[in-house]
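See structure below.
The values are calculated or read from the model by the stated rules, or taken from the named source; none is laboratory data. Since the structure is predicted, the reported quantities are computational estimates derived from the model, not experimental observations. Note that each Cβ is placed from the backbone with ideal geometry, even for glycine, and that neighbours are counted across all protein chains shown.
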Amino acid sequence: PQGGLRISMHDLATIGRLLARGGEVDGVRLLTPASVAMLRGPEWRYDGRNGDTGDGFDCRYGLAMQTLATPQAGCRDDLFG
């Protein structure tokens, strides 16, 4: 992952479950649903003039993660082409 994160696959899966379950994992709420929505929501969207898309892959980015499936011309969500 970006940002120099050093983590085991097990712990990375736990973070994935945390985000997929709206901020709760293993019966413990760590993030509010509003916080998770903020992380998932796009903070930056490519508009044709405000950056580079990396050949159509980087078209939208949230506070903490790249978001895929951008319904926009020139953008794609297939990781491997």
Reported set for segment 1-50 where residues are in contact with a Leu (Cβ under 8 Å, 6 or more places away or on another chain) and of a type in the set (Lys, Arg) is Arg40
Please give the number of the condition Thr70 fails out of (1) modelled with pLDDT of 70 or more; (2) surrounded by 14 or more Cβ atoms within 10 Å (Cβ to Cβ); (3) among the hydroxyl-bearing types (Ser, Thr, Tyr). (1)
Please find, within segment 24-45, the residue that is farthest from Leu63 (Cα to Cα) out of those that are among the charged types (D, E, K, R) and either modelled with pLDDT of 85 or more or in a strand (DSSP E or B) (or both). Asp26
